[in-house]
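Notes follow the structure.
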Amino acid sequence: MRVVLASASPRRAELLRAAGFDFEVRPSGLTEWPFPGGDPADHAEALARAKAAGADGAVVVGADTIVVLDGEVLGKPGGPAAAAAMLRRLSGRTHEVVTGVAVRRGSALRSGTARAEVTFRELSEREICDYIAGGEPLDKAGAYAYQGAAGAFVVRLDGDADTVIGMPIALLERLLAQL
């Protein structure tokens, strides 16, 4: 089955490609809205549903990934200073990553979430500055890319790496089967 990925994320595309999916990329153009409070997983799932509903195709896949620390959603940083502040908060701590996934075929829409817990080792100020200087964290939820240089910060992962990267393949396959 050929699907449409309603996301411009190269990481999501890589995961789909590696899983053997036949797909094309057509971003929904949705402007993500700020976390209004409540359950962060509901927020990620609502964004995924909106992305899937906002793109054209026979079968459309939308996804959204958020990072949660102490009940607070850490979105994409507004710049280097915000990225540094997020990384300092994550240093030496465990946080949750939630990815919402939605699939739409015609008017039928199915969605769900996958969760993972990630623990960072203590980060030095130098490591944080060097990582930010590379530019990688500036467009990532929580200011890091698990599949990139920040993978060296992780000392423990409870859950699937693809959830942290942004497309939990097992959840996607379950949702597609429901359609």
Taking the stretch 118-153 and keeping residues in a loop (DSSP other than H, G, I, E, B) and farther than 27 Å from residue 26 by Cα leaves 121, 122, 123, 124, 134
Here, strands (runs of 3 or more DSSP E) confined to the stretch 1-88 with at least 1 residues that are closer than 22 Å to residue 123 by Cβ and more than 15 Å from the chain's Cα centre (by Cα) are 72-74
task: Report yes if residue 121 is surrounded by fewer than 22 Cβ atoms within 10 Å (Cβ to Cβ) and touching a residue at least 60 places away in the same chain (Cβ under 8 Å), otherwise no.
output: no
The condition of being assigned to a strand (DSSP E or B), charged (D, E, K, R), buried (at least 23 other Cβ atoms within 10 Å of the Cβ) and at pLDDT 95 or above holds, among 110, 115, 104, only for 104
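The values are calculated or read from the model by the stated rules, or taken from the named source; none is laboratory data. Owing to the predicted nature of the structure, the values given are computational and were not obtained by experimental measurement. Note that we place each Cβ from the backbone using ideal geometry, even for glycine, and neighbour counts take in every protein chain shown.
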